[in-house]
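Below: one structure, written as structure tokens.
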Amino acid sequence: MNKIKNTRALFLRLVQVFSRRLIYFCIILFIFLLLGIIAFPSTTASLDYSLYDLKHRFAAPLRAPDKSLVVVGIDMQSLAGSNKRWPWPREDVAAVLQLLGKLKPKGIIVDILFQSNDTESGDTTLASAVKELGNVLLISILEEKQNAQGLSLARYASLELFRKNALTEGFVWGVIDSDGRLRSFRIHDERLNAKSAALQSITHFSSATHLLSDLPDVAPVVFARKNGGIPVISVQSVLDNRSELKDFCRDKILVLGVNAQAVHDYHNTPLGIISGAEILAASIDTILSDRIGQFYFLSLPARAGSAALGFFLSWAMLMANFALLPVLSAFAAVLVCLLLFSELLLMHFPVAPLVFAWAITSFTLAKAKYFDNLFSLQAMRHESETASLVQEQLLPSEELRFSEYGVYGISRSASALGGDYFDYFVIKDRYLLVIIGDATGHGVPAALAMAIGKATVLMGIEKNLLPAELIEAMNKILFKALRRKLMMTAALLWIDTDTHEFEYRNCGHPYPYRYAVDGTIGQMSASGLFLGTKASYSSSQPLKGIMNPGEKILFYSDGLIESLPVENSEDAYVAFNDYLGARPRLPAKEACRDIIDNHPFFKLKKPQPDDFTVLMIERS
């Protein structure tokens, strides 16, 4: 439910920023993209084939082939040993068949097409050998061709002389996909009422005929490469009459074909370039091992389900506000599981629509959230700028001149909103109240604490609270309002402008500096606890004294101390004292600006880490 609420809220926010018509147009475009992926398999064929090949390459070494199959290849070694170019004379092929017959196989599948006549004696010899063996299966080749009338089926077979003497004939038809790779084979063809060589070989040479029921017209070729896959022996080994071949080939189904690279009977497959004889053997093994699978790449329901799953995965994760890494990890996990599941069941679902739907949905939602965040950020910046202007109004901007005294303060926040507070007031046309505070942290929470402090001071002045009572009131309100989540340091100076007596109260704030008439600088110390830490507050004894003519008192926030670029062995307060001593003696207003503008931190060209505030009181 939260995901639906988040989606609805995102939609409503985007409608407020963009026109409703534009949002609807984007949604319709998004739907059409998904429908296009579902309805047009060619849009995702390349990725579907690549993912199929990838999982097949991983699965092939784990699959063991049927032990009854052996490929006998006329390889480069065999051609070199015969000193003859391919095609061989029919007498030589007959000789090979006779030698193979002596190995007592269950059957021999000859993956060679004998379309044209050779010498009369050669053809007669080969036909006699085929008839004598009685277990030779010949192949024919079926192809679909495009012509003016449409698709037509072409069949290429061996000469009638050989076909009538063979046990049977079966066609070979490897299906080449749009990317030029062979991934499946045709098992039977209803148009010609013809059976494939793979089907015929199992019918005549295997007892596993129960596997032949309910076979599809086309099935994926499943290559099994465990323990080296289907064994391949060279015809040259047969011609050499190696003794170990008799036991090895006994009761096996032998596939005789040409696997010499010079003959070019090779095809591109998921496992790379493989000879036609090995592909035929793999096709027979696919049926014998009961690994008949099915492609669903063109199935609209399967493609729709895949795309729907991709959309849901993306929408559910992004609308739950997951980070990028968990979203990618979850998608990768689902993708891997789906690939494993489909390979184990040999049900090859279209995974590419899932990938594309996930990618399109993720891109669309990510862009929508980006624009939402962008405009929200702009709104927040606008609100922050407005809040900053309001906060500036809470601090005095003009210098206070009263009797013999002048007071001026300046604050430079580290962010749009700061937590430093200072103020000064004339009380009963006689007393001067100067206060400075620093809420922990900066930003909105610190600004809130600062505003609470300001309101409390104004309320205390209206109620004619004494300095100790004002501090207690600030502590009480900060504690109730913020519940110890924020604290504030403060310092208060109360001056009787008639007698020039002052009292200084400290609430955990850095000690101020007192500038004597002779130019020396020293700190004024008084103890006290932070404000807002306890429900009740007991003020410590104030520091009392006389403000002499020409003297100044400087208050400041701890940001000016903590940001000083000093070594670990140096004392920052000593460094700040030296910095103040090096500054020129200026009136209060100019002195405050000079202290901040020339602070050593700004020479580092780094972002300001904390709020900077200075406040100076001078007696002329």
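Summing Cβ point charges (Lys, Arg +1; Asp, Glu -1) relative to the Cα centre of the chain gives a dipole of roughly 1500 debye. Take the Cβ atoms of residue 323 and residue 246, set R0 to 56 Å, and the FRET efficiency comes out at 0.25.
Compare the Cα positions of 447, 402, 507 along the charge dipole of region 355-507 (+1 at Cβ of Lys, Arg; -1 at Cβ of Asp, Glu; about the Cα centre) and return the one farthest towards the positive end. Result: 447, furthest along the dipole toward the positive end. Looking at the chain, the pairs of alpha carbons with a distance over 46 Å make up 53% of the total. Between residue 262 and residue 239, what's the calculated FRET efficiency when r is the beta-carbon distance and R0 is 25 Å? Round to 0.05. Efficiency for this residue pair is about 0.85. Dipole check for region 559-616: with +1 at the C-beta of Lys and Arg, -1 at the C-beta of Asp and Glu, and the Cα centre as origin, the magnitude is about 320 Debye.
In a reduced charge model with +1 at each Lys and Arg Cβ and -1 at each Asp and Glu Cβ, region 360-490 shows a dipole moment near 600 debye about its Cα centre.
Round to the nearest 0.05 the FRET efficiency obtained for residue 210 and residue 298 when R0 = 30 Å and r is the Cβ-Cβ distance. That pair, residue 210 with residue 298, gives E of 0.55. Only alpha carbons enter this Debye calculation for region 1-126, each as an equal point scatterer, and the log10 of I(q)/I(0) it gives at q = 0.14, 0.19, 0.20 Å⁻¹ is -0.93, -1.09, -1.14. Taking only the C-alpha atoms of region 140-254, Rg followed by Dmax gives 17.3, 56 Å. From most to least packed by mean Cβ count within 10 Å, the peptides 353-360, 45-52, 181-188, 336-343 give 353-360, 181-188, 45-52, 336-343.
Three principal axis extents of region 283-336 based on alpha-carbon atoms, in descending order, are 51, 23, 11 Å. Translational diffusion of region 470-583 was estimated from the Stokes-Einstein equation, with Rh taken as the Kirkwood radius over Cα pairs; at 20 °C and 1.002 mPa s the coefficient is 136 µm²/s.
In a fully extended conformation the segment linking residue 546 and residue 35 would gain 175.4 nm over its present Cα-Cα distance, using 0.36 nm per residue.
Taking every eigenvalue of the Cα gyration tensor of region 276-434, multiplying by 5 and rooting it, what semi-axes result, largest first, whole Å? Kindly include the intermediate steps, with their values, before the conclusion.
Values: eigenvalues 1075, 39, 21 Å².
After scaling each eigenvalue by five and taking roots: 73, 14, 10 Å.
Just to confirm, what accessible area per residue do you get for the chain at 1.4 Å probe, in whole Å²?
50
Surface composition of region 46-137: carbon plus sulfur atoms contribute 53% of the solvent-accessible area (1.4 Å probe, protein chains only, all chains present). Computed packing ranks the peptides 427-433, 408-414, 36-42 as 408-414, 36-42, 427-433, most packed first, by mean other Cβ atoms within 10 Å.
Where the accessible area of region 203-314 is counted over protein heavy atoms with a 1.4 Å probe, how much of it, in %, is carbon and sulfur? Carbon plus sulfur share of accessible area: 52 percent.
Counting only the Cα atoms, region 464-505 fills a convex hull of 65 Å³ per residue. Bridging of residue 544 to aspartates and glutamates at a Cα separation below 14 Å is possible for 496, 501, 503, once same-chain residues fewer than 8 apart are set aside. Ordering 272, 465, 185 by Cα displacement along the dipole of the chain toward the positive end leaves 185 in first place; charges were set at the Cβ atoms of Lys, Arg (+1) and Asp, Glu (-1). Packing-based ranking of 302-315, 197-210, 320-333, 236-249 yields 302-315, 197-210, 236-249, 320-333, ordered from highest to lowest mean Cβ neighbour count within 10 Å. Per-residue ellipticity at 222 nm, computed for the chain from helices alone with -39500 (n - 2.57) per DSSP H run of at least four residues, works out to -14000 deg cm²/dmol.
On the accessible surface of region 464-620, probed at 1.4 Å, how many percent belong to carbon and sulfur atoms?
Answer for region 464-620: carbon and sulfur cover 51 percent of the accessible area.
Set Lys and Arg Cβ to +1 and Asp and Glu Cβ to -1, take the dipole of the chain about its Cα centre, and tell me which of 59, 528, 95 lies farthest positive. Positive-end residue among those listed: 95.
The values are calculated or read from the model by the stated rules, or taken from the named source; none is laboratory data. Owing to the predicted nature of the structure, the values given are computational and were not obtained by experimental measurement. Methodologically, a virtual Cβ is constructed for each residue, glycine included, from the backbone with ideal geometry; neighbour enumeration extends over all protein chains shown. Just the protein is used for accessible areas: all its heavy atoms, side chains included, with ligands, DNA and RNA removed. Shrake-Rupley method; radii C 1.70, N 1.55, O 1.52, S 1.80 Å.
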